[in-house]
Amino acid sequence: MDESGAATRLHSIFGRPGSGPLSGIVVADFSRVLAGPYCTMLLADMGATVIKVESPQGDDTRGWIPPVRDDEATFYLSVNRNKHSIVLDLNDAADLEVAHELSARADILVENFKPGGLERFLLDYDSVIARNPEVIYASITGFGTGAGAGLPGYDLLVQAVSGMMSLTGGQDTEPYRAGLAMFDVITGLHAAMGILGALHHKDLTGSGQLVELNLLSSALSGMVNQSAAYVTGGVIPTRMGNEHPSLYPYEPMPTGDGMLIIAAGNNPQFTRLCMALDIAETATDVRFSSPQQRNANRGALREILQHELARRSAAEWFELLSELGLPCAPIQDVKGGIELAEKLGLEPVVLAGTGDRRIPTVRHPVKFSQTPVTYDLAPPQLNESSALVRSWLATREEQLVD
């Protein structure tokens with residue numbers, strides 16, 4: 001059977017429309033919690049058929065409550081749409097045989113077990129590549145497979161050891177974690193990028209490969225200018241609260257009602273800001289005439305700006321300054337962020353699924369002009385696609401004959 005025929009069979013069994021850029025690609029998803037599932041959801045949104053392999057207990061995040069929607073954890077719902085769930089107990093011989101067959105059929109396999117944890121099941125890279133030479137095998141760990149292999153890979157631990165928490169908080173406060181598992185998310189994004197690169201290489205050469213990621217490396221890469229401050233400049237960054245080490249003004253400021261982020265990254269922006277605040281003379285003050293001078297004299301400049309900002313509310317300043325093309329933003333809660341995206345026509349909320357089970361989820365961040373993403377499958381209930389997956393696997397002999 002040719003590739004188009006195999007893709008048609010795949011879509012006919014799993015019932016997805018097949019319009020996305022990854023249509024016809026099968027992903028065996030042996031990951032759980034966040035980094036791996038976020039990666040595979042992005043692939044699924046783009047049309048890949050993602051088969052989520054779960055233990056009899058299910059993904060850990062199914063039990064991470066509150067908050068909930070109809071007794072389901074919103075954490076789980078946030079990263080598992082457009083997937084098919086099958087329960088496989090890898091300690092059961094029959095289920096393990098199904099897992100082996102799935103690994104042999106998949107174009108991509110994603111896992112985030114502890115290093116070496118899949119070897120006894122013959123689902124490690126060497127075992128899978130032996131039965132499926134074209135597979136792209138993406139492995140996510142916390143600290144790599146070398147000396148850090150035994151360290152538990154929790155996002156919070158990586159936020160601590162990477163130095164990120166040392167940068168978060170005020171100068172006189174304790175270090176803080178980010179308000180989300182940011183390095184799990186960044187690693188998931190890196191994993192999706194690596195997989196797409198490997199897919200391109202496979203198109204050129206026909207060969208699969210191992211794609212390895214770890215949270216610490218993703219963290220150090222994702223900290224960009226802060227990690228570069230030390231690596232490139234020999235400077236160890238420190239906590240500065242909401243201030244920026246290189247730019248001023250670039251922080252929240254109080255207004256007559258509410259806080260407003262003011263960001264002036266260059267001289268023209270600073271000049272326009274001063275004119276909007278009716279303090280044009282401040283732009284030519286020698287103390288504030290360059291980014292370096294504004295950094296050196298930020299205390300004096302802060303006092304001037306805050307005095308003027310007190311004349312209006314954050315909402316009023318946001319509207320006025322935005323009309324002038326000046327970077328600014330009121331500090332809102334998540335509800336406010338979603339509502340602003342809706343106001344701007346970004347349509348941030350999409351319903352995943354059909355019929356009675358349609359779950360509000362956050363839109364995929366990429367738009368494709370010719371191969372749009374789809375949201376036809378709600379996050380799967382545990383083991384709901386077992387029969388479909390087993391039916392598809394049973395077609396292997398028939399496809400080989402064709």
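Since every read-out is calculated from the coordinates, none of them should be taken as a lab result. The structure displayed is predicted, hence computed values, not measured ones. No Cβ is skipped: glycine too gets one built from the backbone with ideal geometry, and neighbour counts run over all protein chains shown.
To the nearest ten degrees, helix 3-14 and the longest principal axis of the Cα atoms of the chain are 80 degrees apart. Couplings 3J(HN,Hα) for region 242-248, derived from phi with the Karplus relation 6.51 cos²θ - 1.76 cosθ + 1.60 (θ = phi - 60°), are 9, 7, 9, x, 10, 10, 7 Hz, where x marks Gly and Pro.
Could you state the angle between the C-alpha long axis of helix 182-205 and the longest principal axis of the C-alpha atoms of the chain, as a value from 0 to 90 degrees rounded to the nearest 10? The angle comes out at about 50 degrees.
Which distance in Å, rounded to a whole number, links the C-alpha centroids of region 320-349 and region 14-89? Using only Cα atoms, the two centres lie 30 Å from each other.
Size of region 171-299 from its Cα atoms: along the principal axes, largest to smallest, the extents are 65, 37, 36 Å.
The angle between the Cα long axis of helix 35-45 and the longest principal axis of the Cα atoms of the chain comes to about 80 degrees, rounded to the nearest 10. Can you give the percent of C-alpha pairs in region 1-111 whose distance is more than 17 Å? Counting every Cα pair in region 1-111, those more than 17 Å apart make up 56 percent. Taking the DSSP bridge list for the chain and keeping only pairs wholly inside it, about 40 percent are antiparallel.
Across 5 Å bins from 0, what is the distribution of all Cα-Cα pair distances for region 250-331, in whole percents? Final binned percentages: 3, 16, 29, 29, 16, 6, 0. When R16, R177 are sorted by how many other C-beta atoms sit within 10 angstrom of their C-beta, beginning with the fewest, the order is R177, R16. May I ask for the distance between the Cα centers of region 152-166 and region 170-224, given as a whole number of Å? The two parts, judged by their Cα centres, are 14 Å apart. Starting from the Cα of V231, step 7 Å toward the Cβ, then list every residue of region 135-153 with an amide N under 16 Å from that point. Under 16 Å, as judged by backbone N against the label point of V231, lie 144 of region 135-153. Over all Cα atoms in the chain, the spread is summed up by Rg and Dmax: 25.2, 82 Å.
Structure note, pairs K202/K343; K83/K202; K52/K343; K114/K335: Cα-Cα distances above 31 angstrom occur for K202/K343; K52/K343; K114/K335.
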